[in-house]
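Everything below concerns the one structure shown next.
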Amino acid sequence: MRTWRKVGLALASALGLWIAFGGTAFAQDELTTAELAVALDTLWLLVAAFLVFFMQAGFAMLTAGLTRSKNTTNILMKNLMDFVMCSIAFWAIGWGLAYGASAGGFIGTDQFFLGDASEEGSVPVLASWLFQVVFAGTAATIVAGAMTERTKFTAYLAYSFLISLFIYPVVVYWVWSGAGWLNTYSGNTVDSWGFTDFAGSTVVHSVGGWAALMGAIILGPRLGKYGPDGKPRAIRGHNMSLVFLGVFILWLGWFGFNPGSQLAIASQDNANAVALIAVTTNLAAAAGAIGALITSWMKYGKPDMGQTLNGVLAGLVAITAGCAYVTPLSAIIIGLIAGPLVAFGAEWLDALKIDDPVGAVPVHLICGIWGTLAVGLFASIPGNTGTTGLFFGGGTTLLVSQLVGVVVVGLWTAVTAGTVFFLLKVTIGLRVSAAEEEAGLDIGEHGSVAYPDLLPMPEAETIPVPASNVSRASAQ
Amino acid sequence: MRTWRKVGLALASALGLWIAFGGTAFAQDELTTAELAVALDTLWLLVAAFLVFFMQAGFAMLTAGLTRSKNTTNILMKNLMDFVMCSIAFWAIGWGLAYGASAGGFIGTDQFFLGDASEEGSVPVLASWLFQVVFAGTAATIVAGAMTERTKFTAYLAYSFLISLFIYPVVVYWVWSGAGWLNTYSGNTVDSWGFTDFAGSTVVHSVGGWAALMGAIILGPRLGKYGPDGKPRAIRGHNMSLVFLGVFILWLGWFGFNPGSQLAIASQDNANAVALIAVTTNLAAAAGAIGALITSWMKYGKPDMGQTLNGVLAGLVAITAGCAYVTPLSAIIIGLIAGPLVAFGAEWLDALKIDDPVGAVPVHLICGIWGTLAVGLFASIPGNTGTTGLFFGGGTTLLVSQLVGVVVVGLWTAVTAGTVFFLLKVTIGLRVSAAEEEAGLDIGEHGSVAYPDLLPMPEAETIPVPASNVSRASAQ
Amino acid sequence: MRTWRKVGLALASALGLWIAFGGTAFAQDELTTAELAVALDTLWLLVAAFLVFFMQAGFAMLTAGLTRSKNTTNILMKNLMDFVMCSIAFWAIGWGLAYGASAGGFIGTDQFFLGDASEEGSVPVLASWLFQVVFAGTAATIVAGAMTERTKFTAYLAYSFLISLFIYPVVVYWVWSGAGWLNTYSGNTVDSWGFTDFAGSTVVHSVGGWAALMGAIILGPRLGKYGPDGKPRAIRGHNMSLVFLGVFILWLGWFGFNPGSQLAIASQDNANAVALIAVTTNLAAAAGAIGALITSWMKYGKPDMGQTLNGVLAGLVAITAGCAYVTPLSAIIIGLIAGPLVAFGAEWLDALKIDDPVGAVPVHLICGIWGTLAVGLFASIPGNTGTTGLFFGGGTTLLVSQLVGVVVVGLWTAVTAGTVFFLLKVTIGLRVSAAEEEAGLDIGEHGSVAYPDLLPMPEAETIPVPASNVSRASAQ
């Protein structure tokens, strides 16, 4: 909106000419290539952050579509509020815990409230913050899926604030801060531990997945999910168009999630790495779809769209840890294996009577673990991981590192998230009443319905209805 | 699609090497950093423009979702056509009025039909045009929301052409051209008037909001909106999933709208500014949601999703004027206050019997005014505004400037838009018949319905139906 | 996720300073402007690729919305799987055929399985691959629209694999490889043949359109589409909100499709070209909408949204060949003519009893041909095409080149795609049974429905239903 820039550029150009022809030899330009590189990296990081931000809408469409229309407003509202709570929590505390300075290697201790961190000559801290906050929001929102159709809105608000405040940031510090005990590095040398998770199969997806698992267990299954004979019953989602749209928004967002995690693009090496990551990401997604398609076809006799779409997500989650370290062919293999894992993972959960309405645990936890371990098998670019994987001559060193990271992060998350859910259960309560669950959480929690033209609104006359979903604030 | 580039690069590299080792000292590269900066800024401006363009889809989903399914086709069609009309009007006339050269300070007078404006050494004029046309389209489309469910399609076509042709461009000239009477500046020095609106709380959102208000007043409320007792009645929107999707598309688009308004990224200072703007934008959105959530909870006893989503938009509109000048904490405060403003603003309108079906006036006008004034309170980066705000030691100078700008732009828009709507009313008519409004504008204006499988099509047999919404052109 | 970058940058800066003040004159920076240009071009190409990828979701929403809800799952599944199959086919074979080295000028013969192609000093091959694979996916998915509501899922899988494997790549080699017989060039000089298709009106859209036409002919019309009197009957699409969203996602994606096809942005000339392309693209889309709006208004007495939205796509397809070579005014004229072509094209098809449920042939084939020929009329930038068009003093040379290209590519695609469809028809079968078509392909092909809450599920009890569209894998 300013012409300042133009004027500035004109001045800079004039100055540049003056210097070039009359000034000293080494100040020939106002802009150095180092400064341009900072600007280019900033642009890249921000664009990637915008794409990852949009994944919030993808998760919301996916989750809402895979569940019943009587709970749609509630699901959307939870997806909205978990990113909202995350933005505030990660601004105040989370970022400081994750990326603040620390001597101990366990937790960051400064930069709270985004204080005092900008530096010349590097990507602005605020750009890094934006990129990180959308990752934190992803971890938070994964949980919503496994807990849909029965969780109290207030309890979910509290939980989503806490995961972004400390559960997730502590894991980030351990793995990604550069000073954490699971992976300390300086320059390009990784220390001997070397747990390697490029873009977050474990740090983001498994953390979300473990929390989702604990939530689903502590909540218990939805009414009617398991029959008197103990067998699971199909509860159909209400809108497959939303599910499809959600998955494609997520796939799009993953092009920010994985390639953006290179954190830089302004050199030949970085550009090469980013391009490789984009390709491995896409191929793993495609292979995941094929793996799940074949599995569902063989299991049910027909190709199932819900399963195949979850296969896409399975491939994406699985490639996230190793996207920068594996070849395109390895990416296809990793994705192909992730596809069936989602299908069978859902069966394992049902066998344990754990009700995960959208398959968040199979997608994010099981494939998150698979993808993290797969780095120990398929990594073929030693410069980044310190060593190569088992199938590329590196032995089991990396695989063991990966296994330790998976277990440690799993324990941390399961214990802390489990404690949070347990405390919420015994205080404000975690689950709505059976009557509310039956009528739908839209009416009970929000006094509203998502599709008043299309669906009857049960009990709308008997429950006080706020002016939701209508011309704003025109309470009758 | 070309390998030209590769060949060119190879030649350039060869040439570069030759020069580096054999040529003169200062011509060492084909590409100067100044030229790269132009390219980088162009890329940034275009990507931002693409994001802002996508906001058109966001507004359409939001507006359609918040209204009844019998008017969906009509709403979508208006949202489509206002950007279409805007593209043509802003190509022919609007851009020239907004950014053409002028001596008087009131209106631009050249560059019509995009003629004759390209310059070496700066971002291409066509890139700037694209960035500006999507802003013009935003101002135009805001109006659609307040006038839904009762406006004639032809009248809306005429109006949306005129706002992009001259109402909006004149305001842009006054505030953003660099030579306008509300804000003249050269280099980084702002003249004494100094009305400051970084990305358009006033220039875009209030202009849209004032026009929306005039339209809603001149149209009158929808049938049945106010009962015989004068009390407003709830008229429910038909699809909250669309509303949610619309708001998240808008939130995404705002990452182009605000950060893109820096117009440049290719220096450390610009990169820092862009990152700050992205962060303040995101935090204000989150805070707006919290403010609206709490307000709706207190007012209605339950957390309302429609209100909370409008709270997101409220925060985004409010931070738009000051996003480059305030701290993250100030952004949160600005957003927090915007949230309740939307909820109470809707009540004020209802008290005046002004029917704004989607809350366009509270969101874009009231929060646009709030955000513009907030610059006079919270601005803490004096380099850009000439002075700081009241809370940061700058006294009331800036606040007074802001107030004058708000009033002047409000008067201009209310008078011109009001005149346009009045003239349309007394000539071709502004409102559909009561019978058509009752049956839905989809049937009356377009001979179609949006969801034929899901909803009965009233009177479909009695009204001639074109081959809309069907396999193209297969008229029965 | 790494702080490596920071450390690297710090080191680079330190090194830079050391060199600047103590080193040799010409090594003053680690990063050269040539290397930055590579990085900037890579970023641009990847962002464009992401936008084009998202067009897959646009096509899916468009196609699903324009058809009946009983076929929604099947349509979405085909749209998903054609990009999945394309990703694998184009990785293994397609890329090598399209861009591999060859002496003969007819087909590429190396770089299969993405082998052995990376080079220093240029955009990474993998970035180019990603940009090309999303184009291949576009060509593949166009076909889905014309064949909806009656095609066997297995046959479609096979077809979509084959088009990406060889039908499309061969055309790419002929036109875009730089060594193909339809357009050989080196540097900026085009050889005498000079068939010119900047971003794919012919290479992508007509290829998809010809295949769609052959598929629709060989399949035959949907049951009930043509009455006993031979007159076409309207079969309404089920969701105009999805159609609108789809078109806007496509419009957004086209900002990657056309401007991205410049393949570079890192110089003043490239930045100028990219900006021009973005503007001509947008203006042609707007003009296409206006052309179709007026046509539908005159034909049916009311402005039709389905037609107008297809007018947007018509304008976009038509400008694709010439977007870099024409003025903004020419773009408007090209779009304005494309609008009516879609409306009348649909009538021509109906007269021939060719049932194309979503208008894929009028949009992609007819407007693809129009846009390609329009280059021969309106091209006014001789540097890129070797000559100007008929209306800009270049005579008929270019027009003849264009005509030859249109005919040759049309013959190739019609013959190969026709053969594939014919072979599928006589082997595994191309069309579902009449009973399945009546009940909907969602039940028959996938044992599922897209909207179980909203619509009755006919025969759901009598057909074995897999755990689709429900909490994953909970087979009853």
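The values are calculated or read from the model by the stated rules, or taken from the named source; none is laboratory data. No experiment lies behind these values; they were computed from the predicted model shown. Cβ coordinates were reconstructed from backbone atoms using ideal geometry, including for glycine residues, and neighbour counts include every protein chain displayed.
Mind listing just one residue for me: the one in region B:72-109 that is more than 12 Å from chain C (Cβ to nearest Cβ) and touching a helix residue (DSSP H, G or I) at 6+ places or on another chain (Cβ under 6 Å) and, of those, nearest to B:G58 (Cα to Cα)? Among residues in region B:72-109 that are more than 12 Å from chain C (Cβ to nearest Cβ) and touching a helix residue (DSSP H, G or I) at 6+ places or on another chain (Cβ under 6 Å), the one nearest to B:G58 (Cα to Cα) is B:G94. Could you please let me know if B:T151 is crowded, with 24+ Cβ neighbours inside 10 Å and among the hydroxyl-bearing types (S, T, Y)? Yes. Here is the figure for region B:30-50: residues that are crowded, with 24+ Cβ neighbours inside 10 Å and more than 7 Å from chain C (Cβ to nearest Cβ) total 6. Checked against (1) facing chain A (nearest Cβ under 7 Å); (2) over 24 Å from the mean Cα position of the chain (by Cα); (3) free of Cβ contacts under 8 Å to residues at least 40 places away in the same chain, B:D229 meets all criteria but (1).
When C:A351, C:A324, C:A343, C:A331 are checked against the criterion of being touching a residue at least 24 places away in the same chain (Cβ under 8 Å), among the small types (G, A, S) and over 30 Å from C:N270 (Cβ atoms), C:A343 stands alone in meeting it. The conditions of being at pLDDT 95 or above, under 20 Å from A:W91 (Cα atoms) and of a type outside the set (S, T, Y) are met by A:A136. (1) within 23 Å of C:N239 (Cβ to Cβ); (2) in contact (Cβ under 8 Å) with a residue 12 or more places away in the chain; (3) surrounded by fewer than 24 Cβ atoms within 10 Å (Cβ to Cβ): which one isn't true of C:G306, the others all being true? Of (1) within 23 Å of C:N239 (Cβ to Cβ); (2) in contact (Cβ under 8 Å) with a residue 12 or more places away in the chain; (3) surrounded by fewer than 24 Cβ atoms within 10 Å (Cβ to Cβ), only one is false for C:G306: (3). For region C:414-429, a residue qualifies if it is over 23 Å from C:V170 (Cβ atoms) and either among the acidic types (D, E) or touching a helix residue (DSSP H, G or I) at 6+ places or on another chain (Cβ under 8 Å) (or both), and the qualifying residues are C:I428, C:G429.
Could you check how many residues of region B:242-294 are at the interface with another protein chain (Cβ under 7 Å from one of its Cβ atoms) and aromatic (F, W, Y)? Residues in region B:242-294 being at the interface with another protein chain (Cβ under 7 Å from one of its Cβ atoms) and aromatic (F, W, Y): 3 in total.
So which residues in region C:64-88 are closer than 27 Å to A:V52 by Cα and either surrounded by fewer than 24 Cβ atoms within 10 Å (Cβ to Cβ) or in contact with a Pro (Cβ under 8 Å, 6 or more places away or on another chain) (or both)? If the condition is that a residue be closer than 27 Å to A:V52 by Cα and either surrounded by fewer than 24 Cβ atoms within 10 Å (Cβ to Cβ) or in contact with a Pro (Cβ under 8 Å, 6 or more places away or on another chain) (or both), then C:M77, C:I88 are the ones that fit. Of all residues in region A:358-370, those that are within 13 Å of chain C (Cβ to nearest Cβ) have Cβ atoms under 8 Å from Cβ atoms of residues that are buried (at least 24 other Cβ atoms within 10 Å of the Cβ) and among the acidic types (D, E), 6 or more apart or on another chain, in A:P362/A:D356. When each of A:A324, A:A318 is tested for being within 21 Å of A:V207 (Cβ to Cβ), out of contact with any Asp or Glu (no Cβ under 8 Å at 6 or more places or on another chain) and within 11 Å of chain C (Cβ to nearest Cβ), the lone residue that passes is A:A324. Applying the set (1) among the hydrophobic types (A, V, I, L, M, F, W, C); (2) within 12 Å of chain C (Cβ to nearest Cβ); (3) surrounded by fewer than 24 Cβ atoms within 10 Å (Cβ to Cβ) to B:V123 leaves exactly one unmet item: (3).
When you scan region A:379-407, how many residues do you find that are within 16 Å of A:A199 (Cα to Cα) and surrounded by 24 or more Cβ atoms within 10 Å (Cβ to Cβ)? Count: 4. Annotation: B:Y300 fulfils all but one of (1) at pLDDT 95 or above; (2) facing chain A (nearest Cβ under 7 Å); the unmet one is (1).
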